[in-house]
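Enquirer: Got a structure for you, questions after.
The values are calculated or read from the model by the stated rules, or taken from the named source; none is laboratory data. This structure is a prediction, so every number in the text was calculated from the model and none was measured. Note: ideal-geometry Cβ built from the backbone for every residue, glycine included; neighbour counts use all protein chains shown. We work out accessible area using only protein heavy atoms, side chains counted, and drop any ligands, DNA or RNA first. Shrake-Rupley method; radii C 1.70, N 1.55, O 1.52, S 1.80 Å.
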Amino acid sequence: MKLKFLKFMPVALAGLFIGSSAMAQETTTTTSEPFRTWSIGLTGGVLSQFSPIGGQYDFTKSHYNFGYGLYIKKQITPAFSLKIDGQRGEVRADNSKPYKDGGFNVTPFASYSTDLNYSASLSSQLNLVNWSMFKQQNNAQLYVSAGGGFANYTTTTVSTGGASVKNATDDVLIIPVGAGAKFRLSDAINLDLGWTMNFVDGDNFDGYARGGNDRYSYGYAGLEFALGKGKQLAFFSPTAATYDEAVAAKNAANALKSDLDAQKAENARLRSDMNDLLKDTDGDGVADKLDKCAGTPAGTVVDGSGCPLKVPAPQVTERVIVTEADRKVVADAISNLEFDLGKATIRAKSYPTLNRVAALLMEKNFSLKLAGHTDNTGSDALNLRLSKDRAESVKAYLVSQGANASRIEATGYGESQPIATNATPAGRQQNRRVEFTLY
């Protein structure tokens, strides 16, 4: 899991910094005063398996246990920041109460207790609302956040018979998604109220691998301390600053109006002189002063000196027609195409339909584009390489059956172009594909 997380981090960092650069171009401050952009925060609250979005729990009764955290934040623009944070605490639940329908949870466990030794994550935070858009320094805001990281935990389960088992300490990838409200108490201190849902990449966080990923939430209150000098960039309103500068610019524009009026007469004279220079009597697009073949008939194609230009006869190219029968041959090949799990090796059951595609390419001299795709399981780099290898494997097989290699293009797109959701096995199966395009 640690290795998987280390592979994930460069991609997450790149995506977050690209996003921050784009937002920095869209949202610029219009004042030269210094801003506080670095801050640290201390939080305390409750950890629980409860989720307000619902879903199936492995245990029926949630406990609310104390948790605490620390974060470091860098404000990139008034609306966007990057935050590294961590939490510790305990998550507990048991099966002492029935479900809402009255049924009891059928499970070998009576309760569990997970010690969250520590978690660490990198998140992007987006400020949604500054309460006063026409006041340069606001006092309250709403925000949402999302990111990725990992958690180190130790789970102890108690069976229905009363036996207690402490599992080995483990690391797991988490995706924190949260929302909150922040209130500026002073230029250096904020009150931070929020809630974060941590989606776990695994099913053993509660010690019971029932099927489906686990999750836990953290509701908190804390204080954020802004570092440096000046106002906080997070509470700065570019809209208000832009409005103030617009008023100043309007006043300056009025002062310049008299100068602009004086230039109008001069511009009119220059425009008249320019029209004389650009006069084109025969309408061939070349000014009379430069036209060496004046009086060319209307519609004549001329060169830069105004003389008739010989236009080569148009070339007629053969039109490629793909019939429904051709498309069916390709569709059969796609539906029967299978690879070994996690490899680019084509299974033998796919050969007959691929042979028909090779014969079609040779018979009609078609060109073919092969596009390999995967689901989002694994790293981006691995999926991109696997999709490319599978497309190349299909090309190599078609060439081995006599197809022209120069007319086959093989490209891999990894997980970037899904045609279904990656949240279900059926959706991921549809996304693992190689598309054939005849032309």
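Enquirer: Summing Lys, Arg as +1 and Asp, Glu as -1, what charge do residues with Cβ under 10 Å from the Cβ of D187 carry, D187 excluded?
Expert: On the way: positive: R36, R184, K229, K231; negative: none.
Here the count lands on +4.
Enquirer: Next question. For the chain, give the magnitude of the charge dipole about the Cα centre (Cβ charges: +1 Lys/Arg, -1 Asp/Glu; no others), in debye to the nearest 20. Working shown, then result.
Expert: On the way: 46 positive and 44 negative charges, 169 e Å.
Its charge dipole is roughly 820 debye.
Enquirer: Turning to a different aspect of this structure: Tell me, how many Å apart are the Cα centres for the range 336-406 and for the range 219-236?
Expert: Centre-to-centre (Cα) distance: 54 Å.
Enquirer: With all protein chains present, how much of the accessible area of the range 47-115 (probe radius 1.4 Å) comes from carbon and sulfur, to the nearest whole percent? Could the numbers behind the result be given before it?
Expert: Numbers: 2040 of 3370 Å².
Using a 1.4 Å probe with all protein chains present, the range 47-115 comes out at 61 percent carbon and sulfur.
Enquirer: I would also like to ask the following. Taking the mean number of other Cβ atoms within 10 Å as a proxy for protection, how do you rank 166-172, 140-146 from highest to lowest?
Expert: On the way: 166-172: 13.9, 140-146: 17.0.
Going by the mean number of other Cβ atoms within 10 Å, highest first, we get 140-146, 166-172.
Enquirer: Over the range 188-332, what percent of the accessible surface lies on carbon and sulfur atoms, probe 1.4 Å? Kindly include the intermediate steps, with their values, before the conclusion.
Expert: Details: 5610 of 9380 Å².
The computed percentage sits at 60.
Enquirer: Next up: If you plug each phi of the range 34-46 into the Karplus form 6.51 cos²θ - 1.76 cosθ + 1.60 with θ = phi - 60°, what whole-Hz ³J(HN,Hα) values come out, in order, with x for Gly and Pro?
Expert: Once θ is set to phi - 60°, the couplings for the range 34-46 become x, 10, 8, 10, 9, 8, 10, x, 10, 10, x, x, 10 Hz.
Enquirer: Kirkwood-based Rg over Rh for the range 222-321 (C-alpha set), two decimals?
Expert: Values: Rg = 30.0 Å, Rh = 21.1 Å.
Computed over Cα atoms, the ratio is 1.42.
Enquirer: Same structure again: Using only the alpha-carbon atoms of the range 149-201 as identical scatterers, what base-10 log of I(q)/I(0) does the Debye formula give at q = 0.15, 0.24 Å⁻¹?
Expert: Taken in order of the listed q values, log10 I(q)/I(0) reads -0.68, -0.91.
Enquirer: Among all the aspartates and glutamates, which ones have a C-alpha under 15 Å from K264's C-alpha, if same-chain residues fewer than 8 places away are not counted?
Expert: In chain and number order, the partners are D273.
Enquirer: Would you tell me the accessible area of F183, worked out with a 1.4 angstrom probe on the heavy atoms of the protein chains, in Å² to the nearest 10?
Expert: Approximately 80 Å² of F183 is accessible to the 1.4 Å probe.
Enquirer: Report ³J(HN,Hα) in whole Hz for each residue of the range 172-187, in order, from the Karplus equation J = 6.51 cos²θ - 1.76 cosθ + 1.60 where θ = phi - 60°; Gly and Pro get x.
Expert: Taking θ as phi minus 60°, the curve returns 8, 6, 10, 10, x, 10, x, 8, x, 9, 10, 10, 7, 8, 7, 5 Hz for the range 172-187.
Enquirer: With +1 assigned to the C-beta of every Lys and Arg and -1 to the C-beta of every Asp and Glu, and no other charges, what is the dipole magnitude of the range 76-230 about the Cα centre in debye, to the nearest 20?
Expert: Values: 12 positive and 14 negative charges, 100 e Å.
For the range 76-230, the charge dipole is close to 480 debye.
Enquirer: So which lysines can K364 reach, going by Cα to Cα under 21 Å and dropping same-chain residues fewer than 8 places off?
Expert: K328, K395
Enquirer: Under the 0.36 nm per residue contour assumption, what length would be gained going from the current alpha-carbon distance of A348 and L260 to full extension? Before the final figure, lay out the partial values.
Expert: Values: separation 88, 0.36 × 88 = 31.68 nm, distance 7.96 nm.
Gain on stretching A348 to L260: 23.7 nm.
Enquirer: Would you please name the trypsin sites (Lys or Arg not before Pro) within the range 70-127 that are DSSP coil residues with at most 11 other C-beta atoms within 10 Å of their C-beta? Before the final figure, lay out each step's value.
Expert: Details: sites: K73, K74, K83, R88, R92, K100; in loops: K100.
Qualifying residues, ordered by number: K100.
Enquirer: On alpha carbon coordinates alone, what is the Rg over Rh value for the chain, Rh being the Kirkwood radius? List each step's numbers first, then the result.
Expert: Values: Rg = 33.3 Å, Rh = 28.6 Å.
Here Rg/Rh amounts to 1.16.
Enquirer: Could I ask something else about it? I'd like to know which of V200, F436, A262 lies farthest towards the positive end of the charge dipole of the chain, counting +1 on Cβ of Lys and Arg and -1 on Cβ of Asp and Glu.
Expert: In the chain, that residue is V200.
Enquirer: What is the magnitude of the charge dipole of the range 153-243 about its Cα centre, with +1 placed on the Cβ of each Lys and Arg, -1 on the Cβ of each Asp and Glu, and no other charges, expressed in debye to the nearest 20? List each step's numbers first, then the result.
Expert: Working: 7 positive and 9 negative charges, 81 e Å.
That gives the range 153-243 a dipole magnitude of about 380 debye.
Enquirer: Sum -39500 (n - 2.57) across every DSSP H segment of at least 4 residues in the chain, then divide by the residue count to get the 222 nm mean residue ellipticity, nearest 500. Display every interim value, and only then the final one.
Expert: Values: 6 runs with 120 residues, N = 439.
It lands at -9500 deg cm²/dmol.
Enquirer: Report, ordered by chain and residue number, the lysines lying within cross-link reach of K135, taken as a straight Cα distance under 18 Å and ignoring same-chain residues fewer than 8 apart.
Expert: Cα-Cα hits under 18 Å: K182, K231.
Enquirer: Of F35, Q417, T296, which is farthest towards the positive pole of the chain's charge dipole, taken about the Cα centre with +1 and -1 on the beta-carbons of Lys, Arg and Asp, Glu respectively?
Expert: Q417
Enquirer: At most 16 other Cβ atoms within 10 Å and a DSSP loop assignment: could you name the trypsin sites (Lys or Arg not before Pro) in the range 262-314 that fit?
Expert: On the way: sites: K264, R269, R271, K279, K289, K292, K310; in loops: K279, K289, K292, K310.
Within the range 262-314, the qualifying trypsin sites (Lys or Arg not before Pro) (loop, at most 16 other Cβ atoms within 10 Å) are K279, K289, K292, K310.
Enquirer: Further question on the same structure: Please work out the average accessible area per residue across the chain, using the 1.4 Å probe convention, and give it in Å².
Expert: Values: 24400 Å² over 439 residues.
It amounts to 56 Å² per residue over the chain.
Enquirer: Grab the other residues whose beta carbon is less than 12 angstrom from that of Y71, score K and R as +1, D and E as -1, and report the net.
Expert: Values: positive: K73, K74, K83; negative: D85, D192, E224.
Net charge around Y71: 0.
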